[in-house]
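Below: one structure, written as structure tokens.
The values are calculated or read from the model by the stated rules, or taken from the named source; none is laboratory data. Keep in mind that this is a model prediction, so the values were computed, not measured. Cβ atoms come from the backbone with ideal geometry, glycine included; neighbour counts cover every protein chain shown. Heads up: the accessible areas ignore ligands, DNA and RNA and are worked out on the full protein's heavy atoms, side chains in. Shrake-Rupley method; radii C 1.70, N 1.55, O 1.52, S 1.80 Å.
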Amino acid sequence: MTKSASHAWLDGKLVPWSDATIHISTEAVLRGENVFEGIRAYWNPDEGQLYAFRHADHIARLRQGAHIMRMAVPYSDEQIEAASLDLIRACGYRENIHYRPVVYFAEGELTHYLPSEIRTGFFILAFPMPSKPTIETGVKSCVSTWRRNSDMASPSRIKAGSNYHNSRLAYVEARLNGFGPPVMLNAAGKVAEGPGACIMIVRRGKLITPPVTADILESITRETVMELAERELGLTVVERDIDRSELYVCEEAFFCGSGAEVLPIASIDHYDIGGGKPGAITRQLQQIYFDVVRGKVEKYRHWLTPIYGAETARQAAE
Ligand SMILES: Cc1ncc(COP(=O)(O)O)c(C=O)c1O
């Protein structure tokens, strides 16, 4: 499926989709030099409102990644938020969407990073993104033969476009072997994450997830799920290394990420998990997560940014 939308936001302005182009000689095109975010916004039909989830936290992570890459983000947080909202409103979305702010290097050399040497550009894309049917059934996973990008080489902490070559190799291998998203181990042989989501398992009733030093992206959904598990379900959450063989004996397992949401894992390497069906804790976490992102839980509404003005939202709800 080729992605398209009515508009994109490119280097300071809203542009029609067909004008959203950058030159083939940019470092972004030649060497994949960009840092990006994937943020979801959820439609609340009762309120006629679209809520972006943890927008500010995503932009903070974008800045962190750009900082490590020595890329100077050319816009303020306020400008990025206004641009994101302008784009989504221009596209007129009234459904669940995914939007993607991207900071990129334009024409220059591989060694360039100073604003006087190379232009740093910025664009935003926004697309409809419904939940996948596997959110109900769970996915058949496997352990990839590919290792997750190491912090010693290409830190997974940075959501850099170039890091996703590693993800793609793992996804395609899993797909060729008849699996959904795989689990990736790090260079130390411990469980890291999926190619586009973090992983959590349940063992003896505790929720366990690899630490942020396990070559993972510092996932905002991971943090969200950990907080909801502790505060709302009273679960003990443990951040520690996970061995591959623990995946085969855990009671439940799921991926979590903005795109993946809370995605149950039904089996790994043909070992059924929890009888091959989403487990009770996974189900409860899904329920709370989906309520929170849609603005149904008052105490977590500080994580939401309404896209439409109150008047537009009221009219849409009528
Ligand atoms: C490699 C990788 N890990 C983890 C995640 C989850 O991060 P977040 O919850 O911030 O979306 C993502 C993106 O969704 C990802 O691409």
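Below are the figures for this structure:
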item	result
Selection within the range 200-226 - among the basic types (Lys, Arg) and within 8 Å of the ligand (Cβ to nearest atom)	Arg222
Candidate set: the range 61-87, residues that are surrounded by 15 or more Cβ atoms within 10 Å (Cβ to Cβ) and hydroxyl-bearing (Ser, Thr, Tyr); chosen: the one farthest from Pro101 (Cα to Cα)	Tyr75
Count - residues of the range 156-169 that are within 10 Å of the ligand (Cβ to nearest atom) and not in a loop (DSSP other than H, G, I, E, B)	4
Residues that are open to solvent by 30 Å² or more (accessible area, probe 1.4 Å) and either touching a strand residue (DSSP E or B) at 6+ places or on another chain (Cβ under 8 Å) or not assigned by TED's automatic domain parsing to the domain that holds Ala126 (or both), drawn from the range 35-49	Trp43
Helices (runs of 4 or more DSSP H) wholly inside the range 1-97 containing at least 3 residues that are modelled with pLDDT under 95	none
Selected residue [within 16 Å of the ligand (Cβ to nearest atom) and at negative phi] from Gly32, Gly65, Gly121	Gly65
Residues of the range 175-187 classified as out of contact with any helix residue (DSSP H, G or I) (no Cβ under 6 Å at 6 or more places or on another chain) and either in a strand (DSSP E or B) or under 23 Å from Gly65 (Cα atoms) (or both), total	4
Pick from the range 248-289, criterion open to solvent by 30 Å² or more (accessible area, probe 1.4 Å) and part of a strand (DSSP E or B), ranking: farthest from the ligand (Cβ to nearest atom)	Asp272
Hits in the range 112-134 - residues which are closer than 19 Å to Asp77 by Cα and under 21 Å from the mean Cα position of the chain (by Cα)	Phe122, Phe123, Ile124, Leu125, Ala126
Among the candidates Ala153, Ala187, residue that is without any contact (Cβ under 8 Å) to a residue 40 or more places away in the chain and more than 13 Å from the ligand (Cβ to nearest atom)	Ala153
Candidates Leu207, Leu217, filtered to the one that is in contact (Cβ under 8 Å) with a residue 40 or more places away in the chain, outside the structural domain of His55 (by TED's automatic domain parsing) and either outside any loop (DSSP other than H, G, I, E, B) or of a type in the set (Ser, Thr, Tyr) (or both)	Leu207
Residues of the range 158-174 that turn out to be crowded, with 19+ Cβ neighbours inside 10 Å and either out of contact with any helix residue (DSSP H, G or I) (no Cβ under 6 Å at 6 or more places or on another chain) or in the same structural domain as Gly92 (by TED's automatic domain parsing) (or both), as a count	7
Residues satisfying the stated conditions in the range 230-247, i.e. part of a loop (DSSP other than H, G, I, E, B) and either open to solvent by less than 10 Å² (accessible area, probe 1.4 Å) or touching a strand residue (DSSP E or B) at 6+ places or on another chain (Cβ under 6 Å) (or both)	Leu235, Thr236, Ile242
Tabulated pairs, the range 122-136, first under 23 Å from Asn34 (Cα atoms) and modelled with pLDDT of 95 or more, second surrounded by fewer than 14 Cβ atoms within 10 Å (Cβ to Cβ) and among the basic types (Lys, Arg), C-beta under 7 angstrom, 6+ apart or interchain	Phe127/Lys3
Single residue of the range 175-196 satisfying the filter (open to solvent by 30 Å² or more (accessible area, probe 1.4 Å) and of a type in the set (A, V, I, L, M)) that is farthest from Ile242 (Cα to Cα)	Leu176
